[in-house]
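One structure is given here, and the rest of the page talks about it.
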Amino acid sequence: MKITNTLVPWDKNWLLPDITSGLIVTIMLVPQAIAYAFLAGLPPQAGLFSALLPLIAYAILGTSPTLAVGPVAIISLLTLSSLSGVVSPGAADYPAYAALLALLTGAWLLVFYAIGLGSWTSFISHSVVSGFTSAAAIVIILSQLKYFTGLDIPKGGPGWEPLTYLSAHWQNIQAVPVILGISGIFLLLLWQKVAPRITHRLPLADSIRTLINRLGALVLILSGAAAVWFLSLETDTVGTVPQGWPDMVIPDIMALNWEALLVPSAALSLIIFLESLSIANTMARDQRRRILPNNELLALSAANIAAGVSQAMPVAGGFGRSMVMVNSGARSQWSGVVTFILMASVALMATDWFEYLPKAALGALIVVATWPLFRWHDGIKAWRFQRSDGIVWLVTFATVLIINAETGILAGAALSLVIYLRRTSQPHIAEIGQLQGSEQFRNVLRHKVRTVPGVLLIRVDENLYFANSDYLIDYVLRRITDDRTIHQVIIVGTAINHVDFCGLEALELLNERLREESVQLHLAEFKGPVMDQLENSSLIDDLYPGRVFFTTADAIRYLQRQEEESEEHYTI
């Protein structure tokens, strides 16, 4: 196995940019790791552990120099959703189940790597991913009402449950977390808007400018903790975080209900891969670097297995932190190694800093980071361009909100498959004719073309397979029934890339039925790989005196010449 990564070769000129980038990402990652751990229903140290060994695993095996792997909001939500049906958040073995989920997710990603799934990057449509992400963003934001209101809102229910609980217990809302949460959101939004304007006018290095622009989260947690400490505010805080290195153990699989996590971990692995690959490819276009999808599967598998054996939770590439790596000048995954070193220092020595950190401040951080993931405009664009894609987006979005994330993904993917099968089961079949003065053939309904009497020239704009083979037969037989002057049928295969066994049987049956009607079948412009398939059958011999033509123009000339010779023979 050849390992491709961005650690080697390395240029010494990258040292300062990578160190600076690693520092900036760490400043963002510390509060995010804790916040996303709470989002997943886990203790804060699980979030910190998720930002340790997974970074090293991806740095060794990944192909993106700037993909920041670690805890991510969407994956944290999916972790909570996946585990809630198996174990209650807060149970003693809940962290062990989270580690097991990461381990199983890594195992699935390894299986996908082994079967080469990296080359199948579009089997889940963008409408499904966008609908899921948009709904998940709303679910995540609603889940933070627990920290904004001080109410003990149950975790793990449908996405809209926090609103139902809030409407029934609004009179118990606490003022302090509301003020802290709203103030935190205002601070982050103000910092995002004002800081870049100020730093843009100052004579600063790009790395320093990026550092200042990204200090909002750090300022938020420091000011929040300071407010709780100095003002003795009564609110829910992170509390004491155990310091130290995670225990390196494999989860006790046999003691846990691992079978119940097989399907959720499979769905989770697909989302991790698709989201991470999408982020990596987005950055690679500007970096002029090639991302190897199958290698990414291996790297993400190793990252999640590392998370599983280090008492952490599932991890993925994060868009926000990855863009920070790019903007701060990171040149390689040595930036991730620097982040690992700094995060390890925090886990070993600085966990006491979080004792007075209010959870409402972490909630504000999650809300501001998550809101951009609500891409409602994707649904509108999909609806306007193609109604079926809009329906897929809406069904996925609604199912995630009403039921849960996994069901939403499966519903969207299943609906996409049904729509695809329906669309391809009735392929576009164009009757074509020759453009005047050329050898180009176009749809008779769209262009002014010349047709040949008695010849039905059709182009099938889809692969010929089990779902649409009967449709082709019915279409041709219906046309010759409607027009008894047709005595030659030419199927043009320029858009046919594959013919399965049912498609072959359809061509054989069509040939037999046309012969019974005294109509001759011909093929034209079938591609080499398809002809290789057909030549392994008896179809080519059975066509005789029908023929296979290299071009459609050759077919027309041949049939016209036959027609002229037939007329001359008849005259004599």
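Annotation: peptides 196-205, 170-179, 428-437, ranked by per-residue average of other Cβ atoms within 10 Å with the highest first, follow the order 428-437, 170-179, 196-205. Rounded to the nearest 10 degrees, the inclination of helix 405-425 to the longest alpha-carbon principal axis of the chain is 10 degrees.
Among the aspartates and glutamates, select those whose C-alpha is under 18 Å from the C-alpha of Lys381, and discard any that sit fewer than 8 residues away in the same chain. Straight-distance partners of Lys381: Asp389. The Cβ shell under 13 Å around Phe466 holds other residues with a net charge of -4, Lys and Arg each +1, Asp and Glu each -1. For the range 123-198, rounded, prolate or oblate, judged on the Cα gyration tensor with a ≥ b ≥ c (square roots of eigenvalues), a/c < 1.5 rounded, else prolate if a/b > b/c? It comes out oblate by the Cα gyration axes. Assuming a viscosity of 0.692 mPa s and a temperature of 37 °C, what translational diffusion coefficient in µm² per second does Stokes-Einstein assign to the range 242-308, Rh being the Kirkwood radius over Cα pairs? Reported coefficient: 228 µm²/s. The protection proxy used here, the mean number of other Cβ atoms lying within 10 Å of each residue, ranks peptides 143-152, 444-453 as follows, highest first: 143-152, 444-453.
Within a straight-line Cα-Cα reach of under 13 Å, Lys448 can be paired with the following aspartates and glutamates, leaving aside sequence neighbours fewer than 8 residues apart in one chain: Glu431.
Decide, for the range 257-368, between rounded, prolate and oblate: order the square roots of the alpha carbon gyration tensor eigenvalues as a ≥ b ≥ c, take rounded if a/c falls under 1.5, and otherwise choose prolate if a/b is larger than b/c, else oblate. It is oblate, given that a/c is not under 1.5 and a/b is not larger than b/c. Computed from the alpha carbon positions, the gyration tensor of the range 342-467 leads to an equivalent ellipsoid with semi-axes of 56, 18, 15 Å, biggest first. For the chain, the longest principal axis of the C-alpha atoms and the axis of helix 262-287 are separated by about 90°. Classified by the C-alpha gyration tensor, the range 334-392 has an oblate form. Its axis ratio a/c, with a ≥ b ≥ c, is 1.5 or above, and a/b does not exceed b/c. Look at where the Cα atoms of the range 260-306 and of the range 510-537 average out, and the two centres are 43 Å apart.
The per residue volume of the convex hull around the alpha-carbon atoms of the range 429-571 is 112 Å³. From the largest down, the chain spans 114, 60, 53 angstrom on the principal axes of its Cα atoms.
Where a number appears in this text, it was derived from the coordinates with a stated rule and is not lab data. Here the structure is a predicted model, which means the values were calculated and not measured. Every residue, glycine as well, gets a Cβ built from its backbone with ideal geometry; the counts of neighbours run over all protein chains shown.
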